[in-house]
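Written below as structure tokens is the structure these notes are about.
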Amino acid sequence: MGEPQGSMRILVTGGSGLVGRAIQKVVADGARLPGEDWVFVSSKDADLTDAAQTRALFEKIRPTHVIHLAAMVGGLFRNIKYNLDFWRKNVHINDNVLHSAFEVGARKVVSCLSTCIFPDKTTYPIDETMIHNGPPHSSNFGYSYAKRMIDVQNRAYFQQHGCTFTAVIPTNVFGPHDNFNIEDGHVLPGLIHKVHLAKSECPPPSTLSQVTRPMGSLGLSWEEGMVAGTAPSDASPLPESAGSGSALMVWGTGKPRRQFIYSLVRARGCSAVPQSDLARLFIWVLREYNEVEPIILSGTQFDTSKSDGQFKKTASNGKLRAYLPDFRFTPFKQAVKETCTWFTDNYEQARK
């Protein structure tokens with residue numbers, strides 16, 4: 001049985017971010033149930049690192065349910081440079097949100113973790129029981145430990161107060177409204193931006209690389225070029241609009257492996273509600289998943305060509321499949337193509 005469907009006031013922190021916007025769109029386009037009141041907030045509404053501001057926000061909204069997405073986030077190189085900042089800010093945010101939710105009597109909190117919380121040295125595929133089996137990768141240990149502590153707090157709130165505080169662990173999320181900053185963003189949006197600049201023949205001088213390949217020599221399309229390290233033998237030539245082949249500079253060796261999950265996709269078939277891989281799963285967890293132990297949200301696996309970091313973080317979706325055996329994820333190529341289209345169509349407004 002899922003969560004009783006009475007009056008629900010759902011607060012979503014980090015509501016202006018990648019996942020928050022995906023959930024907001026799905027809810028606005030028909031996923032809202034009778035009796036649900038959704039409130040999306042961002043850093044403009046309160047500084048969640050400040051306990052007093054966080055408590056005031058929760059007192060004002062009085063949520064019965066919380067989806068906690070707010071965090072200080074960044075790509076590999078930003079994490080390496082600011083591990084202490086990632087630890088301190090995220091610990092403050094998480095503690096303030098969870099304790100404020102407890103104090104106002106929220107019935108359920110679903111927080112967002114990351115597969116980077118898992119041990120660096122481990123066996124694969126990783127699953128929900130392995131979170132605390134060893135230290136995370138050294139490149140982002142500050143962020144990783146701060147996210148791990150949410151699981152510790154969830155268990156402690158349940159043990160001491162009986163709170164249904166839980167968490168999801170998505171693999172690498174991408175999609176519209178992502179952060180496409182080349183220096184600070186994650187692998188896929190960063191590569192999308194690099195390919196866009198290479199195609200436009202105006203790469204910024206700061207994008208130095210360990211691996212440099214001319215776009216023309218890859219023989220790849222706009223969508224394929226930013227996820228492939230070498231050209232397939234049957235690759236079709238670039239379209240005429242690709243220009244004369246400016247250098248596409250890709251960080252790293254291209255050997256690491258990553259899993260990805262799409263945040264949002266347009267409506268499919270006859271459905272009036274946009275199908276969103278991650279947003280749909282978040283809403284399902286909010287309504288139906290009542291374990292305190294976290295659950296991995298894992299979709300497609302794909303090789304990337306970004307800076308190496310941890311070699312791979314292959315996560316099992318066995319627990320998710322036990323609950324939702326028929327859930328269908330968006331095909332990876334389709335998801336990448338739609339994200340590329342969104343980025344080019346919204347280049348001036350996109351976060352970069």
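The values are calculated or read from the model by the stated rules, or taken from the named source; none is laboratory data. This structure is a prediction, so every number in the text was calculated from the model and none was measured. Here Cβ is always computed from backbone atoms with ideal geometry, including for glycine, and neighbour counts include all displayed protein chains. Side chains included, ligands, DNA and RNA excluded: accessible areas come from the protein's heavy atoms. Shrake-Rupley method; radii C 1.70, N 1.55, O 1.52, S 1.80 Å.
Each peptide in 137-143, 56-62 was scored by the mean count of other Cβ atoms within 10 Å over its residues; highest first, the order is 137-143, 56-62. Karplus-based coupling profile of region 130-136, in residue order and whole Hz: 9, 4, 9, 8, x, x, x, with θ = phi - 60° in 6.51 cos²θ - 1.76 cosθ + 1.60 and x standing for Gly or Pro.
The order of the peptides 33-42, 107-116, 279-288 by mean Cβ neighbours within 10 Å, most packed first, is 107-116, 279-288, 33-42.
Report, as a whole number in µm² per second, the diffusion coefficient that Stokes-Einstein gives for region 25-73 at 10 °C and 1.306 mPa s using the Kirkwood radius over alpha carbon pairs. Answer from the Stokes-Einstein relation: 128 µm²/s. What region 2-71 shows is 44 Å² of accessible area per residue, with the surface traced by a 1.4 Å probe over protein heavy atoms. Peptides 78-88, 155-165, ordered by how many other C-beta atoms sit within 10 Å of their residues on average, highest first, read 78-88, 155-165.
Only protein atoms count toward the accessible area here, which uses a 1.4 Å probe; on region 96-173, the carbon and sulfur part of that area reaches 54 percent. Across region 23-132, the volume of the C-alpha convex hull divided among the residues equals 155 Å³ per residue.
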